[in-house]
1. Mind listing whichever residues of region 51-69 are under 15 Å from Ala138 (Cα atoms) and part of a helix (DSSP H, G or I)?
2. Given the criterion more than 17 Å from the chain's Cα centre (by Cα), in a loop (DSSP other than H, G, I, E, B) and surrounded by fewer than 14 Cβ atoms within 10 Å (Cβ to Cβ), identify the matching residue among Ala72, Ala48.
3. Every residue in region 105-134 that is within 24 Å of Gln23 (Cα to Cα) and over 17 Å from the mean Cα position of the chain (by Cα), please.
4. Have a look at Ala102, Ala19 and point out the one that is part of a helix (DSSP H, G or I), under 14 Å from the mean Cα position of the chain (by Cα) and farther than 28 Å from Glu139 by Cβ.
5. Can you say whether Glu69 is among the charged types (D, E, K, R) and modelled with pLDDT under 90, as far as the supplied structure shows?
6. Cβ-Cβ below 6 Å, separation at least six or inter-chain, first residue in region 38-67 and among the small types (Gly, Ala, Ser), second surrounded by 20 or more Cβ atoms within 10 Å (Cβ to Cβ): which pairs?
7. Given the residues Ala36, Ala63, Ala15, which is the only one that is modelled with pLDDT of 90 or more and either surrounded by fewer than 17 Cβ atoms within 10 Å (Cβ to Cβ) or among the hydrophobic types (A, V, I, L, M, F, W, C) (or both)?
8. Among the residues of region 94-102, is there at least one that is in contact with a Gly (Cβ under 9 Å, 6 or more places away or on another chain), at pLDDT below 80 and surrounded by fewer than 17 Cβ atoms within 10 Å (Cβ to Cβ)?
Amino acid sequence: MATAESHVTSPALPASPTAELSQLYQEGIIAGIIGAGTIAIWFLILDAINGRPLYTPTVLGTALFKGGEGLASPESLAVNLDMVLMFTWVHGLVFIIIGGVASRLLGLAEHNPNIGFGILLLFVGFEFGFVAVNMAFAEAVLRVLAWQAVLRGNLKPSAE
């Protein structure tokens, strides 16, 4: 007597929406940390080449936390580790939030490809808005830091 073996496998269960969302946000956090780190390293290299390591986060921290006090004479602005650490903390948090939002949007685009073009337009608008707001409201900072370096630094994480 011959017996027939049957191996019935159940289809893989789709991940729960909560698990999928958690995975998306985890990926967003990682992307945010990588993006923030990329920009930080870019400006650390530029500052080191110019002989003033940590100058950029000092300038940005001074602009953010002290209202730009001391940026009138940027050549005399000494590196301030408090400003560097506070700005680095804010910079990292902002990039983690942006990474989380971007990851969530890309997750939506995976389920509905038509959303992808809208996300691309949102990204282009975000980049344009970043440059426009900086030129309008952060003139003192852009006088101290070369705006071309700021723009290149802002676009670097986008390429990754």
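1. Result: Thr56, Pro57, Thr58, Val59, Leu60, Gly61, Thr62, Ala63, Leu64, Phe65.
2. None of the others qualify; the one that does is Ala72.
3. Result: Gly107, Leu108, Ala109, Glu110, His111, Asn112, Pro113, Asn114, Ile115, Gly116, Phe117, Gly118.
4. Ala102
5. The answer is yes for Glu69.
6. Partner pairs satisfying both residue conditions: Gly61/Met83; Gly61/Phe87; Ala63/Val141.
7. Exactly one residue qualifies, and that residue is Ala36.
8. No, every residue in region 94-102 fails to be in contact with a Gly (Cβ under 9 Å, 6 or more places away or on another chain), at pLDDT below 80 and surrounded by fewer than 17 Cβ atoms within 10 Å (Cβ to Cβ).
The values are calculated or read from the model by the stated rules, or taken from the named source; none is laboratory data. All figures in this text were calculated on a predicted structure; none of them were measured in a lab. Cβ atoms come from the backbone with ideal geometry, glycine included; neighbour counts cover every protein chain shown.
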